[in-house]
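To start, the structure under review is shown below, and the notes come after it.
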Amino acid sequence: MNGAIKFIFLFLLGVISATIYENSKVDVEESSKILSRRKRFIVFPDGSSFQLVFCAQNQGYLQVGDVVWFGNTAALAWQLPSDPQSFYLFKDHDKLHEAQRRNGITKTIYFLDENGKVLTKMPYRKRPIINPAFAKRSIDGQIQNKRNLTQAIKQLHDAQLKNDFLESLDKDSITFHREGRKSFYAKFEKFLHGMGWRGRECLLRMLCETGRGKTEQGTFLQEIMRATLTLPQGKKFDTEYYNEYDKAHFSDGDCETLYPQCDKLY
């Protein structure tokens with residue numbers, strides 16, 4: 001009886017010892033294992049970009065039924081990576097592709113393939129600086145090119161005085177432009193009224209001044225206002241309220257006399 005108990009005790013002790021040994025062996029192996037995996041990169045769909053938008057409100061106007069906000073917005077955008085291979089483009093070639101400069105001059109130009117491997121390299125030869133005293137023709141050529149460029153710009157501005165894009169439109173296009181301007185002018189009236197001016201009176205004054213035509217090209221803002229306030233002639237509007245836009249734009253009278261209550265805007 002005692003021998004059987006002693007045998008069972010020794011058997012259990014051996015099983016427990018073997019279990020402890022196996023667990024300790026596994027712990028040692030796991031602790032000594034080197035964790036390693038390939039680099040992972042975050043990629044985005046094609047065309048993705050990170051945008052930073054800064055908005056600054058200059059002034060605001062709030063009235064029952066009319067809300068006007070006026071502000072400036074500046075935005076910057078950075079393209080996000082969409083191809084993992086782009087990260088390996090200059091791998092193992094960092095030292096080669098660093099700008100090797102001395103006195104602002106690059107000594108060597110490297111040509112790479114799609115995988116970033118150096119195909120060949122060529123020395124960079126700085127273009128010689130020609131003394132103007134020994135190359136007078138080059139100076140004359142630059143002056144002549146500058147004169148030609150000035151004449152081309154002047155001809156471009158003169159051509160803009162003769163262009164009238166609204167005259168060559170078909171009937172449906174003219175109707176489309178007139179309806180769009182009618183909707184804009186109604187909103188522009190409310191905007192001018194909200195700024196403290198006589199909205200309708202000032203709008204009709206602007207249409208009248210724009211209908212006088214132009215003798216010279218204006219500034220960038222003036223050209224935008226002229227294009228916006230140019231009303232193409234076409235079918236009359238449905239109501240007399242909007243037909244006054246045509247009367248003001250195609251009027252032959254003095255604009256200041258016809259609409260005297262908008263002197264503050266001018």
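The values are calculated or read from the model by the stated rules, or taken from the named source; none is laboratory data. Treat the numbers as computed from the prediction; the structure is a model and nothing was measured. Methodologically, a virtual Cβ is constructed for each residue, glycine included, from the backbone with ideal geometry; neighbour enumeration extends over all protein chains shown.
Points to keep in mind about this one:
- On inspection, residue 250 qualifies as over 30 Å from residue 71 (Cα atoms), exposed (fewer than 14 other Cβ atoms within 10 Å of the Cβ) and hydrophobic (A, V, I, L, M, F, W, C).
- Residue in region 240-256 that is touching a His at 6+ places or on another chain (Cβ under 6 Å) and either within 26 Å of residue 170 (Cβ to Cβ) or basic (Lys, Arg) (or both) present: no
- Inside region 221-235, residues that are outside any helix (DSSP H, G or I) and either in contact (Cβ under 8 Å) with a residue 60 or more places away in the chain or hydrophobic (A, V, I, L, M, F, W, C) (or both) make up a count of 6.
- Count - residues of region 185-219 that are in a helix (DSSP H, G or I) and either at pLDDT below 80 or aliphatic (A, V, I, L, M) (or both): 6
- Taken over region 177-217, residues that are surrounded by 13 or more Cβ atoms within 10 Å (Cβ to Cβ) and among the small types (Gly, Ala, Ser) amount to 4.
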